[in-house]
Amino acid sequence: MGAPFYPSSPLTIEKMLTLAGVTSESIVYDLGCGNGDIVVSAARDYNARKAVGIEQNKRLCSIALRRTRHLKNAIITNANYDDVNLSEANIVTLYQSASENARLKRKLLEELSEGSKVVSHDFGIPGWRPMEFQTFKEGHHSARVIVYVIGSHTPL
Ligand SMILES: C[S@@+](CC[C@H](N)C(=O)[O-])C[C@H]1O[C@@H](n2cnc3c(N)ncnc32)[C@H](O)[C@@H]1O
């Protein structure tokens, strides 16, 4: 089961998108986009070619839609991300849970091309070897951003 809504902070979002190397060539998918903060930042601050947020909660989705209305390179979809094909993405962002990340492995491997990146906030993807890993202070606790590249280090 996916995580309930808890937004990544601006600092964490900056780390996620910078470590993943988002550029104007990137197609970024945020699985469970909540209020759309990651999508807004990828589209506006990093000028991603396309930033797509998928959110199953209708209320959050309408907030995300409102916040991205003016961004031509942002799309918000009200759906279960299990039902959305990810194959055009070259960067996927996640803030779910270790068990949800484990469940998502098969989908990520089946739909993403080799060399695509998956960047996860706080929770690792069991059995995958990170390309980059950063721990940093976030208020009174520490946060983690972990970047994976689809390929030989990301087995099923
Ligand atoms: C911890 S929040 C992360 C929000 C945002 N990605 C961020 O980092 O700021 C997890 C979000 O995933 C959504 N979610 C969980 N399971 C989902 C699913 N199967 N399909 C679509 N959204 C889902 C929840 O409604 C929630 O908004």
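Give me a count of the residues in the stretch 1-21 that are near the ligand (Cβ under 9 Å from one of its atoms) and not β-branched (Val, Ile, Thr).
10
Going by the structure shown, is Thr18 assigned to a loop (DSSP other than H, G, I, E, B) and over 15 Å from Lys72 (Cβ atoms)?
No; evaluated as a whole, the condition is false for this residue.
Of all residues being hydroxyl-bearing (Ser, Thr, Tyr) and surrounded by 14 or more Cβ atoms within 10 Å (Cβ to Cβ) in the stretch 40-96, which is farthest from Val22 (Cα to Cα)? Just the residue, please.
Looking at the filtered set, the residue picked out is Ser62.
Spot the failing condition for Ser24; the list is (1) away from the ligand (no atom under 14 Å from the Cβ); (2) closer than 19 Å to Tyr148 by Cβ, and only one is missed.
That leaves (2) as the condition not met.
Is at least one residue of the stretch 61-77 within 18 Å of Leu108 (Cβ to Cβ) and out of contact with any Leu (no Cβ under 7 Å at 6 or more places or on another chain)?
Looking for residues that are within 18 Å of Leu108 (Cβ to Cβ) and out of contact with any Leu (no Cβ under 7 Å at 6 or more places or on another chain), one finds at least one in the stretch 61-77, hence yes.
How many of the residues making up the stretch 97-129 are closer than 20 Å to Lys15 by Cα and surrounded by fewer than 17 Cβ atoms within 10 Å (Cβ to Cβ)?
Counting residues in the stretch 97-129 that are closer than 20 Å to Lys15 by Cα and surrounded by fewer than 17 Cβ atoms within 10 Å (Cβ to Cβ) gives 5.
Every number in this text was worked out from the coordinates using simple rules, so none of it is lab data. All figures in this text were calculated on a predicted structure; none of them were measured in a lab. Glycine also receives a Cβ, built like all others from the backbone with ideal geometry; neighbour counts cover every protein chain displayed.
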